[in-house]
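Everything below concerns the one structure shown next.
The values are calculated or read from the model by the stated rules, or taken from the named source; none is laboratory data. Just so it is clear, the structure is predicted and the values come from calculations on it, not from any experiment. Every residue, glycine as well, gets a Cβ built from its backbone with ideal geometry; the counts of neighbours run over all protein chains shown.
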């Protein structure tokens, strides 16, 4: 049988989409092109801005610095409360331009000279979907003394993650909810995100975690205690950011009360050295 006519499996994330020729995966960015899984988001840019590093959020990595932040499109989760759905749930129609790895390196160096940027943060949508691009551009940035930061949902398989980690300096990983059912509701895999966090910590990457606290989803003290205990089993000095939810995209639940965040901060603080509140 002609390989170009066969279904091909994308092995990047736990969905393992089996794609017919010309078919896109659930993420909307990866396609079976003549028998090869190809990234249509390669180098495609939707957002480019200079941000404080604390906005990622990273509080313990080069505090007080600025970083060039870059977004593309697509996501391999379908969170009904997505904060960046205007690009994460869209396709090529939201693209503002394309940058080759060399182009991005040059822009990063210019931004470092003129704006004091320390490197590039791949953020706003799910950066791991642009995996081939990251594998090419991250080493170029590192060679020039630029930092490489990922803000990610952690939905990536062990083998591709292992190839990428040597080129990464810091990550903020979303630990969206500490349950398998919660991850199924959001279109992700609980075990995968835990594996990504653990592997990144073992690799010596600077890791911080974010949990968006949503009423009736992950606002129970018992669940937060479980989460904090698990993080402590890796390293109790990993910073945890508890972020306040506001109605967004398809979810209309009322905003998380600040008192709930403060209570969860106290619970997590029994096990972790650093627990911060965000969006308050």
For region 187-204, indicate whether the set of residues that are modelled with pLDDT of 95 or more, assigned to a loop (DSSP other than H, G, I, E, B) and over 22 Å from residue 76 (Cα atoms) is non-empty. yes
Among the residues of region 242-265, is there at least one that is in a helix (DSSP H, G or I), within 15 Å of residue 176 (Cα to Cα) and either in contact with a strand residue (DSSP E or B) (Cβ under 9 Å, 6 or more places away or on another chain) or not assigned by TED's automatic domain parsing to the domain that holds residue 193 (or both)? yes
What single numbered condition from (1) in the same structural domain as residue 182 (by TED's automatic domain parsing); (2) in a helix (DSSP H, G or I); (3) at pLDDT below 95 fails to hold for residue 4? (1)
Among the residues in region 222-231, are any in a loop (DSSP other than H, G, I, E, B) and touching a helix residue (DSSP H, G or I) at 6+ places or on another chain (Cβ under 9 Å)? no
